[in-house]
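The structure appears right after this line, and notes come after that.
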Amino acid sequence: MSETSDPFGPIHGRPSFRDHIDRGTFPPHGILPDEAYELLHTGLMLDGRETLNLASFVTTWMEPQAEHLILDSIRKNHIDHEEYPAASLIEEACVHMLGDLFNAPDSAKVVGVATIGSSEAIMLGLLAHKRAWRDRRRAEGKPTDRPNVVFGAETHVVWDKFANYFDVEMRKIPMKPDRFVLSADDVEGQIDENTIAVGAVLGTTHIGEADPIEEINDLLVRIKAEKGWDIPLHVDGASGAFIAPFAEPDLRWDFRLEQVASINASGHKYGLVYPGVGWLIFRDASRLPEDLVFSVNYLGGAQPTYTFNFSRGSAMIQAQMYNFVRLGRSGYTSIVETMLANARFLNESLEASGKFTILNPGLAEPVVTFSIKGDPGFDVYHLSARLREDGWIVPAYSLPPDADAVHLMRVVVRLDLSRMMIEMLLRDLFAAWDALVAEQPVERPKAKPDVWTSPAHAAATSKARTGLGQ
């Protein structure tokens, strides 16, 4: 890259727009700020449009006032409670508000923490349950060398990560070809005195359904009475924990259930905040072993911390509180009702066409999953690729074992996907269908590499498009 640039010349005529940038070498010289911005800004246009990315649960729109608040607080290091006490109090307020939303026996007694996302929250929650299990076993003079955690294949990959990273036996219950969530019977066959926790999902990533959380809780209550095993239930509410309280307030999945000890939620999904903020909420302080909470004083005062990360921005935590006070229960309810209504319309339209099988008719969350009926001469991967030509990002994938013969597509309905846009999506979807029927593609591509069958191949395929896989 040239060392100098004419500050008065047009940006697109400057050397940075014609010189090669070696991404493997640190730049020897800088360029002007407007050049750097425009170079990266235009490069990011290669990404899909956020609103048309129907693969993602993550929020892609916030009010301008929220964005101003984010900019106001983006410079604050949230861990520095001594310098930014008002910011830290916002986190505490959010934790107690979520305790109330999740029907804790006493919302003033819940403890919790803001995290980077639900992945960190799940790991921290399960780590607390592992430590509590170990301490209890030691006090009883019993061995602590064989902990296990029980969950289903419908969970996020972070559950597998936790078991791997923290040396816990993973008792992962496979899906079935005709059932994509857990059952209480599945769980009963896997738990024992070494089970640190059972995981249940409220709004699964793959299908958009919910595990039968109350039935699993009732099983664990019975087991506790019969065998003395006090096994906590962790509810993975990454998306559903910000849907169920507003869509089905009488649904019992939360702290109203005796064995639910902890809940995670993603503020940056249906909490309606930009990435990244997640939440981990414990029923009360007894569920978080004290020796997991560290205190430091080198930022100016004693500051307790229970996170994997240390320094982090405060902006998204402030944005979460903005939504809580801006929307309240009534505001969240109206948005959730709209998203579910739009998802229901999409579901019904796809089913009425006779071309698709709807996999989650119950709509535990605003997510529509569907497979192709029969064999029209193409598959979901063809259809997904054709939609991409119109700008829509609608993922096609297979389910985990033992339901990996099911190939499907998924549309995540977020707050910025209107009924009008869904009607346009349907128009483009049916047009793509008709075009593929007429073409009858001769070469049927094999199922694309995915995280279940070929994680290394999947990663290499993604990098190849950017030139980083060389």
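The values are calculated or read from the model by the stated rules, or taken from the named source; none is laboratory data. Remember, predicted model here, so these are calculated numbers, not experimental data. SASA here: full protein model, heavy atoms, side chains in, ligands and nucleic acids out. Shrake-Rupley method; radii C 1.70, N 1.55, O 1.52, S 1.80 Å.
Tabulated results
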{"item": "Segment 89-169 - Rg (one decimal) and Dmax (whole number), Cα, Å", "result": "15.2, 42"}
{"item": "Heavy atoms of GLU120 accessible to a 1.4 Å probe, total area in Å² rounded to 10", "result": "20"}
{"item": "For the chain, alpha-carbon Rg relative to the globular expectation (2.2 N^0.38 Å, N residues)", "result": "1.06"}
{"item": "Calculated over segment 352-428: convex hull of Cα atoms, volume per residue (Å³)", "result": "112"}
{"item": "Accessible area of segment 95-176 belonging to carbon and sulfur atoms, whole % at 1.4 Å probe", "result": "50"}
{"item": "Accessible carbon and sulfur surface of segment 244-363 relative to its total accessible area, %, 1.4 Å", "result": "54"}
{"item": "Computed lengthening from ASP19 to SER286, 0.36 nm per intervening residue step minus Cα-Cα distance", "result": "90.1 nm"}
{"item": "Average accessible area per residue (Å²) across the chain - probe 1.4 Å, nucleic acids and ligands excluded", "result": "48"}
{"item": "DSSP-defined antiparallel bridges as percent of all bridges, the chain, nearest 5", "result": "60"}
{"item": "Percent RCO, i.e. relative contact order, over the chain, from Cα pairs under 8 Å lying at least 6 residues apart", "result": "19"}
{"item": "Computed [θ] at 222 nm, helices only, for the chain once each DSSP H run of length n ≥ 4 contributes -39500 (n - 2.57)", "result": "-11500 deg cm²/dmol"}
{"item": "The chain: DSSP helices with Cα axial extent of at least 18 Å and average Kyte-Doolittle hydropathy no lower than -1.0", "result": "85-101, 118-139, 213-227, 315-352, 419-439"}
